[in-house]
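Take a look at the structure below.
The values are calculated or read from the model by the stated rules, or taken from the named source; none is laboratory data. None of these values were measured; they are calculated from a predicted model. Quick reminder, even Gly has a Cβ in these numbers, built from the backbone with ideal geometry, and neighbours come from all protein chains shown.
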Amino acid sequence: MSIVRRLLAVGLVAVAAPALAGPPYLTDDPVPTDTGHWEIYAFTAGEGRSADFDDDIGLDLNYGAVKGIQLTATLPLSFSHERGEGWRGGTGDVELAVKYRFLDDEKHGFSAAIFPRVFLPTASHSPGDRLRLLLPIWLGKDFAGGTSLFGGGGYTVNPGAGNRNFWQAGVALTHDITKKLSVGAEVMQQGPDSVGGTAQTNVGVGSIIGLSEHYNLLFSGGPTWADHRTGYHFYAALGMNF
């Protein structure tokens with residue numbers, strides 16, 4: 001299951017940090033991890049409809065290597081269930097990415113970044129898959145009172161028999177209720193990623209709850225529309241920063 005989709009999102013910022021997004025949502029923003037710090041998410045992310053179900057469980061590692069640059073690695077285990085075939089499980093596709101914020105206008109609260117991401121075909125239950133590449137740009141604007149607007153778009157190179165490349169885009173609006181509680185909602189869309197496939201749209205709500213200075217809980221989920229059917233998606237994680 002690909003974590004990145006074509007996005008048109010209204011999302012959520014991390015606790016006590018304006019315009020810090022990504023988990024638990026499917027969009028992202030231009031703000032990298034602070035220099036010399038880690039953000040780690042122990043997550044589960046899934047989607048399904050009826051008896052069909054896909055889920056990834058793993059770690060999302062983010063490190064602020066130098067000012068304005070974040071290194072990211074996502075290491076999942078994948079599980080799926082299909083009607084009539086039962087359960088399958090194994091390693092998932094490893095993701096490697098670099099976020100580079102090339103514009104940071106603190107006076108006006110505006111920033112912009114590129115965040116290219118490589119999906120390595122390491123999933124044990126998907127032999128024959130090929131390397132995929134996402135090339136997005138993310139923009140963000142912070143407003144007084146803890147509100148942020150961010151989003152962007154890009155192109156996914158998706159080679160392989162029966163696959164097709166597709167565009168993706170997204171926009172998110174967020175607000176901090178308190179220093180330890182954020183809530184939000186999102187709507188997402190992805191173009192068809194296979195020959196004969198259809199676009200996919202996700203709508204979700206979520207929350208980030210601060211447990212302490214270094215730990216928080218993240219949740220999101222909602223309905224998914226694809227292939228003329230309705231399903232669901234969800235995300236939950238324990239976030240750690242240090």
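Summary of values
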{"read-out": "The stretch 38-59, subset within 20 Å of GLY222 (Cβ to Cβ) and of a type in the set (Asp, Glu), residue surrounded by the most Cβ atoms within 10 Å (Cβ to Cβ)", "value": "ASP56"}
{"read-out": "Among (1) of a type in the set (S, T, N, Q); (2) surrounded by fewer than 18 Cβ atoms within 10 Å (Cβ to Cβ); (3) in contact with a Lys or Arg (Cβ under 6 Å, 6 or more places away or on another chain) - the single one THR201 does not satisfy", "value": "(3)"}
{"read-out": "ASN202 vs. criteria more than 22 Å from ILE40 (Cβ to Cβ), touching a His at 6+ places or on another chain (Cβ under 6 Å) and in contact (Cβ under 8 Å) with a residue 12 or more places away in the chain", "value": "yes"}
{"read-out": "Of the criteria (1) outside any strand (DSSP E or B); (2) surrounded by 15 or more Cβ atoms within 10 Å (Cβ to Cβ), which one ALA97 fails", "value": "(1)"}
{"read-out": "Failed item in (1) farther than 26 Å from HIS37 by Cβ; (2) more than 17 Å from the chain's Cα centre (by Cα), with GLN168 passing the rest", "value": "(2)"}
{"read-out": "Any hit, the stretch 208-225, residues being aliphatic (A, V, I, L, M), over 30 Å from ASN163 (Cβ atoms) and surrounded by 17 or more Cβ atoms within 10 Å (Cβ to Cβ)", "value": "yes"}
{"read-out": "Where a residue in the stretch 98-118 is without any contact (Cβ under 8 Å) to a residue 24 or more places away in the chain and its partner, wherever it lies, is in a loop (DSSP other than H, G, I, E, B), with Cβ under 9 Å and at least six apart", "value": "VAL118/LEU131"}
{"read-out": "Among residues of the stretch 153-175, those that are aliphatic (A, V, I, L, M) and either at pLDDT 90 or above or farther than 23 Å from ALA113 by Cβ (or both), counted", "value": "2"}
{"read-out": "Pairs where the first residue, in the stretch 48-72, is within 30 Å of GLU85 (Cβ to Cβ) and free of Cβ contacts under 8 Å to residues at least 60 places away in the same chain and the second is of a type in the set (Ser, Thr, Tyr) and surrounded by fewer than 18 Cβ atoms within 10 Å (Cβ to Cβ), C-beta under 9 Å, 6+ apart", "value": "ASP55/THR44; ASP56/THR44; ILE57/THR44; GLY58/THR44"}
{"read-out": "Every pair of residues 6+ apart whose Cβ atoms lie under 7 Å, when the first sits in the stretch 123-137 and is under 13 Å from GLU95 (Cβ atoms) and among the aliphatic types (A, V, I, L, M) while the second is at pLDDT below 75 and part of a loop (DSSP other than H, G, I, E, B)", "value": "LEU134/VAL4"}
{"read-out": "Filter pass, ASP52 being over 14 Å from the mean Cα position of the chain (by Cα) and modelled with pLDDT under 90", "value": "yes"}
{"read-out": "Exclusive hit being modelled with pLDDT under 90 and more than 26 Å from GLU106 (Cα to Cα), set VAL203, VAL195", "value": "VAL203"}
{"read-out": "Filter result (in a loop (DSSP other than H, G, I, E, B) and either aliphatic (A, V, I, L, M) or at pLDDT 90 or above (or both)) within the stretch 141-152", "value": "ALA144"}
{"read-out": "Residue tally, condition crowded, with 24+ Cβ neighbours inside 10 Å and either of a type in the set (Lys, Arg) or in contact with a Lys or Arg (Cβ under 9 Å, 6 or more places away or on another chain) (or both), over the stretch 171-190", "value": "2"}
{"read-out": "Residue pairs meeting the criteria (Cβ under 9 Å; at least 6 apart or on separate chains; first within 24 Å of SER80 (Cβ to Cβ) and touching a residue at least 24 places away in the same chain (Cβ under 8 Å), in the stretch 27-45; second assigned to a strand (DSSP E or B) and acidic (Asp, Glu))", "value": "TYR41/ASP60; ALA42/ASP60; PHE43/ASP56; PHE43/ASP60; THR44/ASP55; THR44/ASP56; ALA45/ASP55; ALA45/ASP56"}
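To keep it simple, each residue is scored yes or no on (1) touching a Lys or Arg at 6+ places or on another chain (Cβ under 9 Å); (2) surrounded by 14 or more Cβ atoms within 10 Å (Cβ to Cβ).
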{"position": "HIS81", "(1), (2)": "yes, yes"}
{"position": "HIS108", "(1), (2)": "yes, no"}
{"position": "ALA113", "(1), (2)": "yes, yes"}
{"position": "PHE119", "(1), (2)": "yes, yes"}
{"position": "GLY140", "(1), (2)": "no, yes"}
{"position": "GLY152", "(1), (2)": "no, yes"}
{"position": "VAL157", "(1), (2)": "yes, yes"}
{"position": "PHE166", "(1), (2)": "yes, yes"}
